[in-house]
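S.K.: Below: one structure in structure tokens.
The values are calculated or read from the model by the stated rules, or taken from the named source; none is laboratory data. Source: prediction; values computed, not measured. Every residue, glycine as well, gets a Cβ built from its backbone with ideal geometry; the counts of neighbours run over all protein chains shown.
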Amino acid sequence: MTKIIDASLLSKMIISGANNLSNNKELVDALNVFPVPDGDTGTNMSLTFMNAARSVDLENTADASVTAKTVAKATLRGARGNSGVILSQIFRGISKEITSSEINVKTMVAALQSGSDTAYRAVMKPTEGTILTVIRAAAETASRYKGNDIEGLMQAVYKGMNSALAKTQEMLPQLKQAGVVDAGGQGLVFIFEGFLAALSGNEIKLNDSAMMSVSETKSAQSTISTEDIKFAYCTEFIINKYDAKLSADKMRNAIEPKGDCMIVIDEDDIVKVHIHTNHPGFVLEQAVKLGEMVNIKIENMREQHTDILNSGADKQEIKPVNEHKDVAVVAVANGEGLVTTFKELGVTTIIFGGQTMNPSTEDILNAIEEANADTVFILPNNKNIVLAAEQASQISDCKAVVIPSKSIPQGICAMMEFSPDASLEDNTQNMTEAMERVVSGNVTHAVKDTQMDGIEIHEGNIIGVSGGHILSSEEDIFTSTVSLVEQIANEDSEIITLYYGEGETEESAQKIADAIEESFPDADILVANGGQSVYYYIVSVE
């Protein structure tokens, strides 16, 4: 009988839960209802929670509350996709109730309720039949438990979550039609299954295939010389405040003149600090006035850069710092043509990503920092990145505003209304209104047999998608694209743009444009090289 969870056991539970989800992420990905190649719920949740597993320290296990807060911070920054953001909010809520060195049944019951409440509050329009339903079932099951054995509690919770997961198929018609349960809910169940395994002393290990895909690396040859590095020391650390009520403003103001690329994130009882400086000692002296420092890392960037140049190794990316400006824009995109388009429209920093490549909250925070502006607008350009962008904006050190673009065409239209001389309010209004005037569509291939929106779909079909609905399913790209455009455009449409992706040519795109022109002779039909992956064509109708 296990009556309490100490810090050591909690750490093992987190690692076991992360490993179990990672081992099963492809199964979760496969639960995606839409037959398009974007079933990444399992991958996003796994990357998010594996960030938490990396954050726990099995050798420093004196206090469960410290471990819980560390996990909450790690999932917050590592969150990818809507499922990852909701997962981070669940563990943010759980951590709020874990305030002592050990977790007993009473504490766990309160923590699960807090996790559920926090997740529901984080979503503007909560939908039942999703991960939210499953975490709510966990909290409700816990509240009915009468014993004092925490392993017994978690067994009951796990059973209640599985029962709720099975019911998601009845709550959402699209799940029932596809014959699957909710992917996010299944991912959460895998995490709790890992928790239970650790509680019984049988922690789950990473299998070989999962181990190969856990670590993500980004690398590029340096494009600047060692002498161009003005501030030599990349200084990072976390401050555990002496008092949660203390503000980091005084320290922020003191260290700002001593370097660049500064970010100071003040969150409740901790402060995350990053700065490039020639005076790391001064920075540390200011920090110690606020609290105790942990995870201190000071690296000589000139030395690192010299090593890279001497060895020829492509190990790390050192980006030139943008000149400071009043306002900047960060946008998510992939494909050389699309990146060029956004840059020409005035985007300062591009985050490489999109469908199947959702950037994390940390990735977006880093891009905001790189933009180096007092105010930064963020264009997610994908519905599954909006929540991560909003989460990043809330913890950014500067004023960050999300323009909730859910497609590339929406992002491009928003940028056409952006003005660096306009006020924050005017830019926000103009960009938001502009993106709402465009209708977007995508052409890709089906990854499985299914039936949706009254259309019979077979694996390999070329499908046209718009507004969350499949509008065409054909044997070839030409027919499916023309069919899609004919359904999303009308006689009032003025501009129809085809952005062709990898594998398509300007010639093939022009043939489609000519066919569309026959149906819409009064519209301007434009063809542009997007170079994007996943989608043969991205369609914009204005």
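S.K.: If we only count strands (runs of 3 or more DSSP E) wholly inside the stretch 199-296, which ones have 2 or more residues that are closer than 30 Å to Val105 by Cα and at pLDDT 80 or above?
M.R.: The strands (runs of 3 or more DSSP E) meeting that bar are 233-241.
S.K.: Going by the structure shown, is Leu172 in contact with a Gly (Cβ under 9 Å, 6 or more places away or on another chain) and at pLDDT below 95?
M.R.: Criteria met by Leu172.
S.K.: Need a quick list: strands (runs of 3 or more DSSP E) entirely within the stretch 437-483 having at least 2 residues that are out of contact with any Ser or Thr (no Cβ under 8 Å at 6 or more places or on another chain).
M.R.: Qualifying strands (runs of 3 or more DSSP E): 439-445, 450-452, 469-474.
S.K.: If Leu309 meets every condition in (1) touching a Ser or Thr at 6+ places or on another chain (Cβ under 6 Å); (2) modelled with pLDDT under 90 apart from one, which number is that one?
M.R.: With (1) touching a Ser or Thr at 6+ places or on another chain (Cβ under 6 Å); (2) modelled with pLDDT under 90 applied to Leu309, the lone miss is (1).
S.K.: Looking only at residues in the stretch 119-144 that are of a type in the set (Ser, Thr, Tyr) and at pLDDT below 95, which one is surrounded by the fewest Cβ atoms within 10 Å (Cβ to Cβ)?
M.R.: By that ranking, first place goes to Thr127.
S.K.: For the stretch 419-448, what are the residues that are within 25 Å of Asp492 (Cβ to Cβ) and not small (Gly, Ala, Ser)?
M.R.: Matches in the stretch 419-448: Gln429, Asn430, Met431, Thr432, Glu433, Met435, Glu436, Arg437, Val438, Val439, Asn442, Val443.
S.K.: Would you check which residues across the stretch 122-174 are free of Cβ contacts under 8 Å to residues at least 12 places away in the same chain, within 22 Å of Val85 (Cα to Cα) and among the basic types (Lys, Arg) and list them?
M.R.: The one that is free of Cβ contacts under 8 Å to residues at least 12 places away in the same chain, within 22 Å of Val85 (Cα to Cα) and among the basic types (Lys, Arg): Lys125.
S.K.: Moving to a separate point now. So Thr450 ticks every box in (1) touching a residue at least 60 places away in the same chain (Cβ under 8 Å); (2) within 14 Å of Tyr536 (Cα to Cα); (3) in contact with a strand residue (DSSP E or B) (Cβ under 8 Å, 6 or more places away or on another chain) but one. Which box is left unticked?
M.R.: (2)
S.K.: Also: Which numbered condition in (1) in contact (Cβ under 8 Å) with a residue 40 or more places away in the chain; (2) assigned to a helix (DSSP H, G or I); (3) crowded, with 18+ Cβ neighbours inside 10 Å is the only one that Gly337 fails?
M.R.: (3)
S.K.: With under 23 Å from Lys383 (Cα atoms) and modelled with pLDDT of 85 or more as the only criterion, which of Val85, Val66 stands out?
M.R.: Result: Val85 is the single residue among Val85, Val66 that is under 23 Å from Lys383 (Cα atoms) and modelled with pLDDT of 85 or more.
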